[in-house]
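Undergrad: First the structure, then my questions, so here it is.
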Amino acid sequence: MKPRNFFLISLAFLTLVARAGHKATAQSSPDQSNPPAQSNPVQSNPAQSSPDWLKRIGKSYQGEFWKNGKVVNGSTLFYLSEQTGLTGMYITSQDGNLISGDLTECQVKQERTIHCFWREPNQSGGFSSGDFNATFSPDFLSFKGTESMKGDTKEYVWQGSRQPSSAAVVP
């Protein structure tokens, strides 16, 4: 692995862990001014019920996805916890700029298939967002998926794979 790629992946993973830890801490801190919408968050998100296959999703997949009019190489990372369910992030570099975004509200659609929402900062200071759908291979070493922009029906490629020797089981 190239040193720059290792750095980007490490940075992305640390960011994901920090975000997941922050969300877990925020959810576990009682805040009477902002009570939770539901008393049982596990029922509100099918991904949180943790079907056994969800635990086999690797933490990091290298692959390609569509950004700013072209296919780019990058990393997609996933994290599964009891507090936040399945979440993730993605990171790439394009024209010397680091691009990263979040995968949230992940839902199980069927065996080995998930749907999440993606969101990333855009150049105008706001956010771009849309849908992310992925189906994992039976061995969970790869996924093939699509993304679409919010309000657009056109779908773009989003896929990734990992090496068996570096496969990590998400706790």
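No value in this document is a laboratory result; all are computed from the given coordinates. Predicted, not measured: the structure shown is a model, and the values here were computed from it. Neighbour counts are summed over all protein chains in view; Cβ atoms, including those assigned to glycine, are modelled from backbone coordinates with ideal geometry.
Undergrad: If amide hydrogens are placed 1.01 Å from N in the peptide plane, which non-local residues have theirs closer than 5 Å to the one on Lys59?
TA: Ala168
Undergrad: Still on this model: Determine, for Leu86, Leu77, the number of other Cβ atoms within 10 Å of each Cβ, and report the residues in order from fewest to most.
TA: Values: Leu86 25, Leu77 22.
Listing Leu86, Leu77 from fewest to most nearby Cβ atoms yields Leu77, Leu86.
Undergrad: Distance in nm between label sites at Met149 and Trp53, each 7 Å beyond Cα in the beta-carbon direction?
TA: It works out to 3.2 nm between the two label points.
Undergrad: Separate question: What is the spin-label model distance, in nm, from Val71 to Ser124 if the labels are put 7 Å beyond Cα along the C-beta direction?
TA: 2.9 nm
Undergrad: Sticking with this one: Quick check on the exposure proxy: order Val72, Val157 from fewest to most C-beta atoms within 10 angstrom. The partial results should precede the final answer.
TA: Values: Val72 16, Val157 13.
Fewest to most other Cβ atoms nearby, the residues stand as Val157, Val72.
Undergrad: How would Lys59, Lys109 line up from fewest to most surrounding beta-carbon atoms within 10 angstrom?
TA: Ranked by crowding around the Cβ, least crowded first: Lys109, Lys59.
Undergrad: As a quick test, which of the pairs Lys70/Lys109; Lys55/Lys109; Lys70/Lys154; Lys67/Lys144 have an alpha carbon distance above 19 angstrom in this structure? If you can, show how the numbers build up before the last one.
TA: Numbers: Lys70/Lys109 28 Å; Lys55/Lys109 16 Å; Lys70/Lys154 14 Å; Lys67/Lys144 16 Å.
Going by Cα-Cα distance, Lys70/Lys109 fall outside the 19 Å limit.
Undergrad: Also, quick follow-up: When Lys and Arg each count +1 and Asp and Glu each count -1, what net charge do the other residues less than 14 Å away from Ile114, Cβ to Cβ, add up to?
TA: Net local charge, Ile114 excluded: +1.
Undergrad: In nanometres, what is the gap between the two model label sites at Ser93 and Asp131, each 7 Å from Cα along Cα-to-Cβ?
TA: Between Ser93 and Asp131, the simple spin-label model gives 3.4 nm.
Undergrad: Rounding to the nearest 20 debye, state how big the charge dipole of region 72-171 is about its Cα centre with +1 on each Lys and Arg Cβ and -1 on each Asp and Glu Cβ. List each step's numbers first, then the result.
TA: Values: 7 positive and 11 negative charges, 28 e Å.
The dipole of region 72-171 has a size of about 140 debye.
Undergrad: Please state, to two decimals, what the Cα-based radius of gyration of region 62-153 comes to when divided by 2.2 N^0.38 Å (N = residues). Show your work: numbers first, answer last.
TA: Numbers: Rg = 13.2 Å, N = 92, 2.2 N^0.38 = 12.3 Å.
Expressed relative to 2.2 N^0.38 Å, the Cα Rg reads 1.08.
Undergrad: Right, here's the next one. With contacts defined as alpha carbon pairs under 8 Å and 6 or more residues apart, what's the relative contact order of region 57-127 in percent?
TA: 18 percent
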